[in-house]
Every structure is written in C-alpha cells, then in structure tokens.
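> Before we start, here is the structure in question, set down as structure tokens.
The values are calculated or read from the model by the stated rules, or taken from the named source; none is laboratory data. Note that this is a predicted model, so its numbers are computed, not measured. Here the Cβ is made from the backbone with ideal geometry for all residues, glycine too, and neighbour counts use every protein chain on show.
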Amino acid sequence: MTGRVTPTRDTADPIPSWSTLVNVYQSVLHDVVAALDQQTGIDSGVFSALAYLERAVPPHRLPMSELQRSMHPRYSQPGFSRLVQRMEADGLVERRVDRTDRRATIIATTRAGRRQFRRANSIYIATLRTSFGRHLRASEHARLAAILGRVATRRGTRTRVATGSRKNADTR
C-alpha cells in the first residue's frame, strides 16, 4: 500500500500492537532461521524461495518475475538474481523458457530442491510449533489468523492461508 495516508476516526494507538507483532515475529524468525541453518544447512532466503515454488499453482514452478516480486523487498533484483544462481548451482532449481511467453523465464524446483524443501519444511513446522504455536490455544490461533487476515484483506494484500499441509511455509 503506497500513496497518501488518510487519518481514520478510530483513535486507537496502533504502536503497541504493531510493536508486539514485530517483536514476536522477529523472535520466532530468529529461531526458525537458526534451526534451518543448523539442521538443514540452507538459509532462510533459499527456504522462502522453495516455499513460494512449492505453493505455486501449478506447484514447483513460477515465472521468475513473480518469484522476485514475492521475495521483494527482502531481495533487490540483483540480490534475487544471485540467490537464483546459487540455488541453480546447488541443483535446487532450474530455469526454463516459458512456453506461453518465450521472453519470460520460469523457475522450477528440481527433485533435489523438492526433497530439500520437504526436509527443511519439517524443521520449519517443528520450530514454529515450539517457538510460537505452543504459546496459544487453538481458539487464539484462529482468532489471531482472522484478525490478521482482515488487516491483509483491507490492505489488498495477497494472503496464503496454510493449514498444516505442504503450503505452510514462508519465513518472510
């Protein structure tokens, strides 16, 4: 969301809830990044890219431009290109020509990339359960997801709701 910000009538101070959300996110993210690095040897950028590819429809492939948009602002265009080159060199992804637009490039996970993602995703899920999940009851998780989903909807933000399936991964 960019552009002009208009004040609302609600005088509630957003700083406490925003600060708490950011603090929890950063703390849990620290645990996730450390677990991924220590137990799988991949960094969170590689994991995030593999997760976006895993969730893609159809799965395991995205236009390079769409994957880059998903990874922005975390990665600049040059940084993203280096990430993809590194993933290619490690045998996790490959570039393909888009059959519908020969000027475009598709990034697709390889079998090794899918295997690495499944291994890393199990660590990701276990770490989320330990670092975040165990602190809330099921009803609180549902309420929190609903509240944050409402904010995302009102902002026009794409949301990907994950429910314990192959879709629940993103360290961003």
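> Wholly within region 57-146, which helices (runs of 4 or more DSSP H) include no fewer than the required count, namely at least 1 residues that are farther than 24 Å from A35 by Cα and within 16 Å of the chain's Cα centre (by Cα)? Let's see the steps before the verdict.
Numbers: elements: 64-71, 77-89, 111-131.
Here the list reads 64-71.
Every residue, every condition in (1) within 20 Å of R82 (Cα to Cα); (2) out of contact with any Lys or Arg (no Cβ under 9 Å at 6 or more places or on another chain); (3) at pLDDT 95 or above, yes or no:
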| residue | (1), (2), (3) |
| --- | --- |
| D13 | no, yes, no |
| L21 | no, yes, yes |
| Q26 | no, yes, yes |
| H30 | no, yes, yes |
| A34 | no, yes, yes |
| Q38 | no, yes, yes |
| D43 | yes, yes, no |
| F47 | yes, yes, yes |
| L53 | yes, no, yes |
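> Condition (residue is within 21 Å of R69 (Cα to Cα) and at pLDDT 90 or above) applied to region 140-150: is it met by at least one residue?
Taking every residue of region 140-150 in turn, at least one turns out to be within 21 Å of R69 (Cα to Cα) and at pLDDT 90 or above.
> Restrict the check to region 59-80 and report whether at least one residue is farther than 29 Å from L144 by Cα and of a type in the set (D, E, K, R).
yes
> For region 109-128, what are the residues that are surrounded by 12 or more Cβ atoms within 10 Å (Cβ to Cβ) and farther than 26 Å from L29 by Cα?
Selection gives T110 alone.
> Moving to a separate point now. Among the residues of region 11-56, count how many are part of a loop (DSSP other than H, G, I, E, B) and closer than 22 Å to V151 by Cβ. Give the derivation first.
Narrowing region 11-56 to residues part of a loop (DSSP other than H, G, I, E, B): 11-14, 41-43, 56.
Okay, now just the ones that are also closer than 22 Å to V151 by Cβ, so 11-14.
Summing the residues that are part of a loop (DSSP other than H, G, I, E, B) and closer than 22 Å to V151 by Cβ in region 11-56 gives 4.
> I need every pair where a residue in region 129-148 that is surrounded by 11 or more Cβ atoms within 10 Å (Cβ to Cβ) has its Cβ under 6 Å from the Cβ of a residue that is among the polar types (S, T, N, Q) and modelled with pLDDT of 95 or more, sequence separation at least 6 or different chains.
The qualifying pairs do not exist here.
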